[in-house]
Each structure stands twice: as structure tokens, then as C-alpha cells.
Amino acid sequence: MSEKIPLPVLNNHPGNQAKKSVSCNSCGTGGCRGGFGIKQGSEKEEVFKVIFLYVAMGIIMFVAAYGIMRLLSLIGG
């Protein structure tokens, strides 16, 4: 028969836990950012700035990937 090996278990008692300092415990606290890094109740300017940054990063990644692809095609063939 196979022998059972006991596994150590971490006991999570309130007395054993150190107080954690986390800026975002849950999204209901208001400290979390949403899906695109936008907090609830943000001003329009902040929302547009974040969206513009994501669009700009996407364009830069697309142009860089296209440039690398063209460079590799020139080198390879």
C-alpha cells in the first residue's frame, strides 16, 4: 500500500497575520484603477489622456513591428 505523507498547512488565524498595507484591497475601495487604468469618477481630460496614450502606444508598436518586418525581409531576401 502507498504511504500517506502529511503536508504542512499554513494556519490563517487573525492573531498570526501581520497587517498588510495595500493601496487596493478591493475595487470597491476606490483605490483601484479600472480596466484601462481609469478610476471611477475621473475627469474627462484624464480619461482622454489615458485613452490617447494607449492609442499612441498601439500605433508605435504597429509601426515598429512593420519596420522590423520590412528590415528582416530586406536582409533575408
Listed peptides 59-69, 42-52 by packing density, highest first (mean Cβ within 10 Å)
42-52, 59-69
Quick one: 3J(HN,Hα) in Hz for segment 53-61, Karplus 6.51/-1.76/1.60 with θ = phi - 60°, rounded, Gly and Pro as x.
4, 5, 5, 5, 5, x, 5, 4, 5
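Throughout, read-outs are computed from the coordinates displayed, never taken from laboratory work. Since the model is a prediction, treat every value here as computed from it, not as a measurement. Don't worry about glycine lacking a Cβ; one is built from the backbone with ideal geometry, like all the others, and counts go over all protein chains shown.
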